[in-house]
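Here is the structure we will look at, set down as structure tokens.
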Amino acid sequence: MRSLTLTAARTFEWTTLPEAAAPGPGEALVGIRAIGICGTDFSGYLGKMPFIEFPRILGHELGVEVLAVGDGVSHLQVGDRCSVEPYLNCGTCHACLRGSTNCCETLQVLGVHCDGGMRERMVLPAHKLHVCHGLDFEQLALVETLAIGCHAVNRAQVAPSDDVLIIGAGPIGLTVLEFARAAEAAITVLELNPARRLFVEQNYPGIQVVAGLPDEAAFQIVFDATGHAGSMAGTLRYARFTGRIVYVGITKEPVLIDDPLFHRRELTLFASRNAVAADFPRILGMIQSGQIDTRPWISHRCEFGELPGEMEGWLLPDSRVIKAVVRLEVG
């Protein structure tokens, strides 16, 4: 079985894996049909993602087809189309017992802490598969991305009375935008890249998009989706007294907090990690109903065999990548 392994920074190698085993009890064998490429994949490719070690098979945004199911699996049938919840949690640690399965103490995220979906087939826990026949595989592959924004907005408890600032209009920032908009908040997007500003202006009418803000701009909730330490530190300047800040992006670098400002305004700082199982059916329903339209997001596509030659180009600013999706042939 063919797979693509990241063996070092900026180095993909084709590898041959043993054929996926028959699924055991509570498991399902799936064929990978679409893979979304996200900031985590790009950071891992560049050697900048703190949780990815080499060698690693990337790929956690997956649209899959069920090929076989193991004993005790009743919610799946052969041929089902599914989105994958790629967070493999233990179910018994303190966080899991409190319902925070997204930050399990021994969490393994496919394509990050353990090998992911850049392969033809794999066996997964059946309860991590969310069925939806009304969507195509590309749409299913984007559900996990959307779940990141969904969870972040839930963490901040965004309400219609809130004014929200989203820093960064890449794919993760856009997912935050979708759910802040669903919460009927007043939204401003801060984005330095003119192509991304234009994308928001064209696809999200009524959303204010700016290239800069004064230091004393006042927002009740500030989301930082850049993964840039300087930007993350700067969020404190934009939060009003009693405001809430959510770090959605992640960085290897220390983030320096202006403590007097943090205390004087009595700010609340949240980390937002991954998503929880309940987010997935909600998102599938929102896409099916048309409340969320992911189609404009997919700016670049390629076949699986073309991916090693495409990654460098997608990293270039003038490529104008919003979201890239890799397609795998049925076979």
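The values are calculated or read from the model by the stated rules, or taken from the named source; none is laboratory data. None of the values given here were measured: they were computed from a predicted structure. No Cβ is skipped: glycine too gets one built from the backbone with ideal geometry, and neighbour counts run over all protein chains shown.
For this structure, a couple of remarks:
- Residue count for segment 153-191, restricted to those that are under 17 Å from Leu213 (Cα atoms), surrounded by fewer than 21 Cβ atoms within 10 Å (Cβ to Cβ) and not hydroxyl-bearing (Ser, Thr, Tyr): 2
- Segment 101-141 - residue that is in a loop (DSSP other than H, G, I, E, B) and closer than 22 Å to Ala22 by Cα and, of those, nearest to the chain's Cα centre (by Cα): Gly111
- Residue list for segment 245-276, filter: over 19 Å from Ile166 (Cβ atoms) and touching a helix residue (DSSP H, G or I) at 6+ places or on another chain (Cβ under 7 Å): Glu253, Pro254, Leu256, Ile257, Asp258, Leu261, Phe262, Val276
- Within segment 50-90, the set of residues being of a type in the set (A, V, I, L, M) and under 23 Å from the mean Cα position of the chain (by Cα) comprises Ile52, Ile57, Leu58, Leu62, Val64, Val66, Val84, Leu88.
- Count of segment 93-151 residues which are touching a His at 6+ places or on another chain (Cβ under 8 Å) and either under 23 Å from His300 (Cα atoms) or outside the structural domain of Ser74 (by TED's automatic domain parsing) (or both): 7
- In segment 183-219, the residues that are touching a residue at least 40 places away in the same chain (Cβ under 8 Å) and β-branched (Val, Ile, Thr): Val209
- Meets criteria (in contact with a Leu (Cβ under 9 Å, 6 or more places away or on another chain), of a type in the set (Val, Ile, Thr) and surrounded by 16 or more Cβ atoms within 10 Å (Cβ to Cβ)) for Val109: yes
- Condition check for Val222: in a helix (DSSP H, G or I) and closer than 12 Å to Leu177 by Cα: no
- Candidate set from segment 47-75 (those that are under 20 Å from Glu310 (Cα atoms) and modelled with pLDDT under 95); member that is surrounded by the most Cβ atoms within 10 Å (Cβ to Cβ): Met49
- At least 3 residues being charged (D, E, K, R) is the threshold, and among the strands (runs of 3 or more DSSP E) wholly inside segment 1-88 not one reaches it.
- Sole residue being part of a helix (DSSP H, G or I), among the aromatic types (Phe, Trp, Tyr) and in the same structural domain as Val189 (by TED's automatic domain parsing), chosen from Phe262, Phe241: Phe262
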